Amino acid sequence: MSDSQRDVLRVRDLSTRFFTEEGQVNAVEGVSFDVRDGEVYGIVGESGSGKSVTALSVIDLVASPGKITSGEVWYRNPDLAEEFRAERPDAVRDEFVDLRRLPKGVRRSLRGPGFSTVFQDPMSSLNPSLTVGEQIAEAVEVQRRARANPRSTRSRTQGYGLGKFLVDSLVPGRDYTGEESHERAIELLDQVGIPDPAQRAQEYPHQFSGGMLQRAMIAQALAGEPDVLIADEPTTALDVTIQAQILNLLRDLQQEEDMSVVLITHDLGVIARMCSRVGVMYAGQMVERGSLSDVFDDPVHPYTQGLLGSIPDLENPAPRLQPIEGNVPSLLDSEMGGRCYFADRCPKAMESCLHPIEMHDADAGSDEHEARCVLTETDYRPEEALPEGYFDGGDGDGGGGGRETDGSDPEAREEEVRADD
Amino acid sequence: MSLARFLLKRGLQGVFVVWGVVTVVFLLRFITPGDPISVIAPLDASPATRQAIAAELGLNRPLYVQYLDYLVGLLQGDMGYSYISNTSASARVFARLPATLELAVAATLVAVVLSIPLGVLSATNRNEPVDYGATTFSLVGISTPNFWLGIMLVLLFAVEFGVFKTSGRGITSARALSALATGNLDVFVSWLTYITLPAITLGTYFTALITRLTRSGMLDELGSAYVRATRAKGLPETLVRYRHALRNTLIPVVTVLGLQLGTLIGGAVITEAVFAWPGLGTLVINSITGRDWVVLQGSLIVIGVGFVLINLVVDALYAYLDPRVVSD
Amino acid sequence: MLSPRSLRNLKRELSRSALAKTGIALVVLVVGVAALAPLVAPHDPTAQNLDDAQLPPLGFSETENSTTTEVVDGEVQIVNETTTINATAEHPLGTDSLGRDMLSRVVYGARTSLLVGVLGTFIAGGIGVTVGLVAGYYRGRVDDALMRSADVMLAFPSLVLAIALVGLWGRAAYRIPDPFVLLGITPDMPASFVLPGTVVVVVGLVNWVWFARVARGEALSIREQEYVKAARAVGASDARIIARHVLPNALTPILVLGTIQIAAIVLLESALSFLGFSGTTLSWGFDIAQGRDYLASAWWISTIPGVAIVLAVIGINLVGDWLRDALDPDIEGEGGGV
């Protein structure tokens, strides 16, 4: 493996569950993927497929009632590996550390220099009552203080508590962020292409347009000089014309800064344009992964095929997902049977799909092309096809079918969408 | 809109409200059964005497003349002369104002200092004992009539333990604070024994209310997208809480405080009644029972103007906390 | 007026919130006691019996130690005397300074509080909702004029305005015959119940502003809805649109505010009767005031009615929280307290 092919992140069997009043929701189930140095890795899926929760799980920002229940997040960081090799041998493997086994303070200190995130809706992802410049300066300041005093950075406060907050509020001019950080914030705004950055830095989020705000969010994400930038639907909330600008910006910055980007989107066009490798998610699982051409040219999983159905070729992709008949399952644990979760919508569902399916190597494409589908092993045999309407009735719940799509509680669905977006 | 323009606009609205208050107070006299003369005049006064009194008071003039006269008087600080207490109304009212202000300020301080940390603690330790304690306290606090609370405090701390004074004001807070500055602790402590129970009595409702608002506001903010983004950029949790979430929580808290100011003043009136605190509240009650309308009018006007002024301060605070207010 | 979805939310919230259940239980208790007062009360609440004055509640029998000195055989001796005042089951919550049964007074006090609370809320709601809907629907000058006058109202604290008005207008009260006595079911109880009329009107007059603010906000957004525009387009009169389209769609927040306002008005009534500005002497606030003079010797006279107020108001507030959480009308912080 050449140097440029080294992994920076290896996610293994990550599972995240939400413990809601309606029951346990398996938002992410056994997801694994690798991200290499300097690549753009794409995760694609419909809304509710668990792709955003996967991103949040990697950076340990799953909020209650969600909880990461199992899995490993290996992150390449020789310094940390050295530091914890003696103390936590189970958390260190070569140059990699398992973030989930490291102390919480260490995980937090990696937000910024290790991983940073650009969220979907820039308008609600910035604090409305602080200036944009101040918020970016904060992100700079955290890392500045961390470098100045690595130990205390892992404390919860960095010496900043309620008392300081009160003093800062009452005494003008006293603040957490220093002059240097503000200057750096203006540089960053300039770098992401915001005109008149010194002036704009003093404005509040509501004075920015959506596209400008997303640029500011990206500037904020760059402040920590991250190894991995996680972009969670970065263009979904924006106008079509602005989307292209933001994607170009992300691509340019990725090359300038030589960082890895995990791009999460439901938009196949974005994936095709930006990514070198891609993972397809459905119902909390990764159902197919491989290089861009593996997944786009030789899709194995009927779900991926369905997604790509309307896209004639890579040069001219459709901007939006083609809807597949049926609904994304509710992900409620009690309603998930031990079967392929796509079987109820799959045109090629067979009896062998009624068992839990593992990831298998796919014959077509490169070595790393894998899919969670029986079709990797066998050809489709119409004589074993499930009868029409197998999943519609209420009698088949023993076999994992019988999920009512119309009668499912709308509240539960809302909950699950919120968990994802 | 700049901050100055925002405050100017609010100030003009405040002037209008003050004018409304004055007009309502002026008219109160005319929706009152019984005429003002019979309150002052001897019971056996002849019609001629009554005429003379009416002329002396200017009550025989047309209504609008009386109204303009009243307005002009007010602008000069003259609220009329009380023939019942034989002093000018403004002298009585302004003699009582400092005591009420002292009580209200003490109660507000107690409320703000206790409630905001309690609300934050409650929200950040959701569904833990401290949260249950804080929510129970705030539920009971907003449901307890403060005069009864005052009596219970008297029963407990004054009657049973004899720690605190149950009536009167002792010395002024200015003297108490200068005593503290000069190291005269005894004097300061004696002031504390007077003000503690009234301040707790008046402050409890607000402590409970702000705790409740802070808790629910913090919970909302801590679950919001920008807080998640702030955590994602690596900010320590304490900064996320206090620099981001708390600041935005305070915006609705301040709004509600402005709305509930009347409750604070009303609460001061009844607290004063419980503790015989020589402030505006006892003056209002005494002037009603003594049918001293001139003093009642003066008190109502001062309360109304005070309300408008404090609301201006609240508006300024609100604009400081929420930049969207002045820049939209 | 409540959609099936709202009803489902109410049920869901009720099933998962122990506080909501507690609130409903308390409210049912207080309403039941108030409605059936003559059946629940063991004694006539106004019957005095000076022989049984200041009896303590059950469980609080008091012993008084008094020490006197006597000269016996030329020597001074200290004599300890102990007198016991026994609580009796006949007066489970004790008696007041005139020997009236505390339990019966608390039971009848619930009637005053609830009647004033509910009637006052209806008056406040009637005025406030009308003003608010008109202001919000017409906007412009009408809105400015009405809402500025609401601002003027807010500048007078409700308690101050209420005592001023009661002080000016007097304390009119109406005697309402008690049906239980009329029908001969409880002949020993007071034949009529005193409703403090001025207080009911005054508490309504001083609290309408909150309803006006909420109703105005609702009207402002409802008037932009398509169905209102459609009604206007087909030539419906403004009055009809407000009554048939705006009001029904504004009811949810008004209902929630109304619940909170009952609690606020119960507190306001108790404050007024505590200060002596009421038309009835059968009121929790009045009894608390009575008991102040006996704090050292009979703490329960002031304490027990206060506990009744707190329980009733907690109950109403919990029901209000339940409605607010389930229906989510976004009216945090509206409505005054005492």
Test of understanding: among C:Leu114, C:Leu93, C:Leu119, which residue is modelled with pLDDT of 85 or more, surrounded by 13 or more Cβ atoms within 10 Å (Cβ to Cβ) and assigned to a loop (DSSP other than H, G, I, E, B)? C:Leu93
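Could you check region C:275-302 and list, in sequence order, the residues that are within 7 Å of chain B (Cβ to nearest Cβ) and open to solvent by 10 Å² or more (accessible area, probe 1.4 Å)? Break it down into steps so the answer makes sense when it comes.
We begin by selecting, within region C:275-302, every residue within 7 Å of chain B (Cβ to nearest Cβ); these are C:275, C:288, C:292, C:295-296, C:299, C:302.
Across region C:275-302, the qualifying residues are C:Leu275, C:Arg292, C:Leu295, C:Ala296, C:Trp299.
Can you tell which of B:Gly298, B:Gly266 is touching a residue at least 24 places away in the same chain (Cβ under 8 Å) and part of a helix (DSSP H, G or I)?
On the way: B:Gly266 fails: touching a residue at least 24 places away in the same chain (Cβ under 8 Å).
Answer to the selection: B:Gly298.
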Consider only pairs whose beta carbons are under 6 Å apart and that are at least six residues apart or on different chains; among these, list those whose first residue lies in region B:153-179 and is closer than 13 Å to C:Leu295 by Cβ and whose second residue is assigned to a loop (DSSP other than H, G, I, E, B) and open to solvent by less than 70 Å² (accessible area, probe 1.4 Å). B:Val154/B:Thr166; B:Leu155/C:Leu295; B:Leu155/C:Trp299; B:Phe157/B:Phe164; B:Ala158/B:Phe164; B:Ala158/B:Thr166; B:Val159/C:Leu295; B:Ser167/B:Ala276
Mind checking which pairs have a first residue in region A:6-27 that is on the phi > 0 side of the Ramachandran plot and in a strand (DSSP E or B) and a second that is open to solvent by less than 10 Å² (accessible area, probe 1.4 Å) and at pLDDT 90 or above, Cβ under 9 Å, 6 or more apart or different chains? A:Asp13/A:Val31
Region B:188-233 - residue that is open to solvent by 10 Å² or more (accessible area, probe 1.4 Å) and of a type in the set (A, V, I, L, M) and, of those, nearest to the other protein chains (Cβ to nearest Cβ): B:Ala225
Hits in region B:315-325 (condition: touching a residue at least 24 places away in the same chain (Cβ under 8 Å) and open to solvent by less than 20 Å² (accessible area, probe 1.4 Å)): B:Ala319, B:Leu321, B:Asp322
Selection from region B:248-297 of residues at pLDDT below 90, within 11 Å of the chain's Cα centre (by Cα) and either open to solvent by less than 10 Å² (accessible area, probe 1.4 Å) or not aliphatic (A, V, I, L, M) (or both) yields B:Gly258, B:Gln260, B:Gly262, B:Thr263, B:Gly266
Residue by residue through region A:112-126, note down the ones that are open to solvent by less than 20 Å² (accessible area, probe 1.4 Å), at the interface with chain B (Cβ under 7 Å from one of its Cβ atoms) and over 14 Å from the mean Cα position of the chain (by Cα). A:Gly112, A:Ser125, A:Leu126
Candidates B:Leu257, B:Leu155 - the one that is closer than 30 Å to A:Glu134 by Cβ, assigned to a helix (DSSP H, G or I) and within 14 Å of chain C (Cβ to nearest Cβ): B:Leu257
Hits in region A:230-244 (condition: open to solvent by 20 Å² or more (accessible area, probe 1.4 Å) and not in a loop (DSSP other than H, G, I, E, B)): A:Val240, A:Thr241, A:Ile242, A:Gln243, A:Ala244
Please go through region C:260-274 and give me each residue that is more than 9 Å from chain B (Cβ to nearest Cβ) and of a type in the set (Ser, Thr, Tyr), ordered by number. C:Ser273
For C:Trp208: the one exception among (1) touching a residue at least 24 places away in the same chain (Cβ under 8 Å); (2) open to solvent by less than 20 Å² (accessible area, probe 1.4 Å): (2)
The residue that is least open to solvent (accessible area, probe 1.4 Å), considering only those in region C:306-315 that are more than 8 Å from every other protein chain (Cβ to nearest Cβ) and of a type outside the set (Gly, Ala, Ser), is C:Val307
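Collect the residues in region A:341-381 that are aliphatic (A, V, I, L, M), surrounded by 19 or more Cβ atoms within 10 Å (Cβ to Cβ) and over 16 Å from A:Gly30 (Cα atoms), keeping them in residue-number order.
To start, the set of residues in region A:341-381 that are aliphatic (A, V, I, L, M) comprises A:343, A:349-350, A:354, A:357, A:359, A:362, A:364, A:371, A:374-375.
Restricting the remaining residues to those that are surrounded by 19 or more Cβ atoms within 10 Å (Cβ to Cβ) gives A:343, A:349-350, A:354, A:357, A:362, A:371, A:374-375.
Those that are aliphatic (A, V, I, L, M), surrounded by 19 or more Cβ atoms within 10 Å (Cβ to Cβ) and over 16 Å from A:Gly30 (Cα atoms): A:Ala343, A:Ala349, A:Met350, A:Leu354, A:Ala362, A:Val374, A:Leu375.
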For region A:127-138, give me the residue count where each residue is facing chain B (nearest Cβ under 7 Å) and in contact with a His (Cβ under 7 Å, 6 or more places away or on another chain). 2
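Scan region C:61-87 for residues that are part of a loop (DSSP other than H, G, I, E, B) and exposed (fewer than 14 other Cβ atoms within 10 Å of the Cβ) and report the count. Spell out how you get there, then give the answer.
Initially, region C:61-87 is screened for residues part of a loop (DSSP other than H, G, I, E, B), giving C:61, C:73-74, C:86-87.
Pick out the ones that are also exposed (fewer than 14 other Cβ atoms within 10 Å of the Cβ) and you get C:61, C:73-74, C:86.
Going through region C:61-87 one residue at a time, the tally reaches 4.
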Those residues that are assigned to a helix (DSSP H, G or I) and at the interface with chain A (Cβ under 7 Å from one of its Cβ atoms), I need them from region B:234-245; list them, please. B:Glu237, B:Thr238, B:Leu239, B:Tyr242, B:Arg243, B:His244
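The values are calculated or read from the model by the stated rules, or taken from the named source; none is laboratory data. Values in this document were obtained by computation on a predicted structure and should not be read as measured data. A quick note on method: Cβ atoms are made from the backbone with ideal geometry, for glycine too, and the neighbour counts reach across all protein chains shown. For the accessible areas, the whole protein counts, side chains as well, though only heavy atoms, and no ligand, DNA or RNA atoms are used. Shrake-Rupley method; radii C 1.70, N 1.55, O 1.52, S 1.80 Å.
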